Structure formats: structure tokens, C-alpha cells
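Below: one structure, written as C-alpha cells.
The values are calculated or read from the model by the stated rules, or taken from the named source; none is laboratory data. If you're wondering where the values come from, they're calculated on a predicted model, not measured in any experiment. As a convention, Cβ positions derive from the backbone with ideal geometry for all residues, glycine included, and neighbour counts pool all protein chains shown.
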Amino acid sequence: MSDLEALIQRYVDCYNRMEIDDMMECVSDSVTFENFSNAGQSMQMNGKDALRQVAEASANAFKYRRQSIINLICSPEGQAAAEIHFQGIAALNLPNGTKEGQSIDIRGVSIFEAEDNLLTRIADYS
């Protein structure tokens, strides 16, 4: 397993355990986070503090959530693409219409960029 693969797996494992502090250890201070949804919602933010806020809100929005990496392709230049399977149970009514207690089961793609063994960009597409 390459360093990049191990870093991405650690980030996803921390995400699944809702360990926000450990997730933040995987990203650079100037990380860019983007989320693009087929439902028409998207967001982009810069910096570790902004990502922490989104990660905390997301952790509170789900009773259960799990990302599984189906396929992961990494380049020697520090870029990666991952096919992701997401499952979750909403802890509250979500802006996309998902109701509290309702299950979510979707596939998507995440794009990662890293430098100095820290993630500098995470772009989620679902």
C-alpha cells in the first residue's frame, strides 16, 4: 500500500468513526473541500477550520454513517480517485429532503490531492 493509499484509508476510517480530530490530522491547514451533488447542492470551502465545521455538522446529522472504498487509483504525483459507497441513517431532517431515521445508500467518487503526506484537496461527487 502506498503512502497516499494509507493516508486516504486513515482519513476514511476516521470519518467512519466520527473522529473529527483524527480526520483533521490527515489534512493540510489550507485544504480545499468541495462537494458536488446530483441533487443540485454543492459547496466549496478552504482551510482546516472550515472543513472541521462541515465534518462536525455531518457527524451530528447521522446516527450512523459509513464510507467504503470500492476502487482506489493513485498516481505517483499525489493524486487519487476513489469510488465510494456511502450508507447512513439520518439523525435529523436533512436539507435534501431525507427525514430523521431514513436510510441513505449512494455511490459516488472522491478526488484527493496530497502533498507532504497531507490531503490538500478533497472533492466529493454524488
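Within the option set 26, 74, being surrounded by 14 or more Cβ atoms within 10 Å (Cβ to Cβ) and touching a Cys at 6+ places or on another chain (Cβ under 8 Å) holds for one residue only, 26. Looking across segment 29-43, just one residue is surrounded by 16 or more Cβ atoms within 10 Å (Cβ to Cβ), among the hydrophobic types (A, V, I, L, M, F, W, C) and farther than 19 Å from residue 69 by Cα, and that is 31.
For residue 38, the criteria (1) within 21 Å of residue 85 (Cβ to Cβ); (2) modelled with pLDDT of 95 or more hold in every case but one, which is (2). Specify the residue that is farthest from residue 6 (Cα to Cα); the eligible residues are those in segment 26-63 that are touching a helix residue (DSSP H, G or I) at 6+ places or on another chain (Cβ under 8 Å) and without any contact (Cβ under 8 Å) to a residue 24 or more places away in the chain. If we take residues in segment 26-63 being touching a helix residue (DSSP H, G or I) at 6+ places or on another chain (Cβ under 8 Å) and without any contact (Cβ under 8 Å) to a residue 24 or more places away in the chain, then 43 is farthest from residue 6 (Cα to Cα). Which of the numbered conditions does residue 57 fail, given that it passes all the others? Conditions: (1) among the hydrophobic types (A, V, I, L, M, F, W, C); (2) in contact with a Ser or Thr (Cβ under 6 Å, 6 or more places away or on another chain); (3) at pLDDT below 95. Result: residue 57 passes all but (2). Here is the figure for segment 7-32: residues that are of a type outside the set (S, T, N, Q), in contact with a Gly (Cβ under 9 Å, 6 or more places away or on another chain) and under 19 Å from residue 82 (Cα atoms) total 1. Residue 68 falls short on exactly one of the conditions (1) hydroxyl-bearing (Ser, Thr, Tyr); (2) under 23 Å from residue 19 (Cβ atoms); (3) at pLDDT below 95, and that condition is (3). Against the conditions (1) in contact with a Ser or Thr (Cβ under 7 Å, 6 or more places away or on another chain); (2) surrounded by 15 or more Cβ atoms within 10 Å (Cβ to Cβ); (3) over 14 Å from residue 111 (Cα atoms), residue 46 satisfies every one except (2). Among residues of segment 8-23 being of a type in the set (A, V, I, L, M, F, W, C) and more than 18 Å from residue 70 (Cβ to Cβ), the one that is surrounded by the most Cβ atoms within 10 Å (Cβ to Cβ) is 23. Of all residues in segment 99-119, those satisfying the criterion of being surrounded by fewer than 17 Cβ atoms within 10 Å (Cβ to Cβ) and among the polar types (S, T, N, Q) are 102, 103, 117. For residue 91, indicate whether it is touching a residue at least 24 places away in the same chain (Cβ under 8 Å), aliphatic (A, V, I, L, M) and within 19 Å of residue 22 (Cβ to Cβ). Against the criterion (touching a residue at least 24 places away in the same chain (Cβ under 8 Å), aliphatic (A, V, I, L, M) and within 19 Å of residue 22 (Cβ to Cβ)), residue 91 does not qualify.
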